[in-house]
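Asks: There's a structure below that I have some questions on.
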Amino acid sequence: MNKSELIDVIAEAASVSKTVAAKTLDSLLASMTRALAKGEDITLIGFGSFTVRERKARVGRNPQTGDVLQIAASRVVGFKAGKTLKDTMQKG
């Protein structure tokens, strides 16, 4: 499912126009992005939680040439599925 398909689903489920659904989704994503950029965790009960994780600097290799290179430290977003989502996935 891509963003436009998700907007269609939201619009239909909430009985609102696609424009309102798109603005709502954009607002949600922007709010989540700002919170994660500040280092805050986001927990959606039943769905899962998003956390900011720190990756240490490390040494890597270019797979084509075999050259050693330094990979800089970075911050990444991690996701852990909640119980309801896990159970739904197991039911198929």
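Asks: Among the helices of the chain (complete DSSP H runs), which have Cα atoms covering no less than 20 Å along the helix axis and a Kyte-Doolittle mean of at least 0.5? Working shown, then result.
Replies: Details: long enough: 18-37 (28 Å, 0.54).
Going by DSSP H runs, the hits are 18-37.
Asks: A further question on this structure: Does the range 4-56 classify as rounded, prolate or oblate by the C-alpha gyration tensor (a ≥ b ≥ c root eigenvalues; a/c under 1.5 gives rounded; else a/b over b/c gives prolate, otherwise oblate)? All intermediate terms of the calculation are to be shown ahead of the outcome.
Replies: Values: a/c = 3.15, a/b = 2.25, b/c = 1.40.
Note, shape of the range 4-56 comes out prolate.
Asks: Still on this structure: Taking the Cα centre of the chain as origin, work out the dipole magnitude from +1 charges on Lys and Arg Cβ and -1 charges on Asp and Glu Cβ, in debye rounded to 20. Could the numbers behind the result be given before it?
Replies: Numbers: 15 positive and 9 negative charges, 83 e Å.
It comes to approximately 400 debye.
Asks: Which semi-axes, in whole Å and largest first, does the equivalent ellipsoid of the chain have when worked out from the alpha carbon gyration tensor as the square roots of 5 times its eigenvalues?
Replies: Details: eigenvalues 234, 61, 51 Å².
Computed over the chain, the values are 34, 18, 16 Å.
Asks: Check cross-link reach from Lys3 to the lysines: straight Cα distance under 17 Å, and skip same-chain residues fewer than eight apart.
Replies: Lys18, Lys23
Asks: What value, in deg cm²/dmol to 500, does the helix sum -39500 (n - 2.57) over DSSP H runs of n ≥ 4 give at 222 nm once divided by the residues of the chain? Mind dumping the intermediate values first?
Replies: Working: 3 runs with 41 residues, N = 92.
My calculation for the chain gives -14500 deg cm²/dmol from helical runs alone.
Quick note: the coordinates plus some simple rules give every number you see, no bench work behind them. Computed from a predicted structure; not experimentally measured. Positions of Cβ are backbone-derived with ideal geometry, glycine not excepted, and every protein chain shown enters the neighbour counts.
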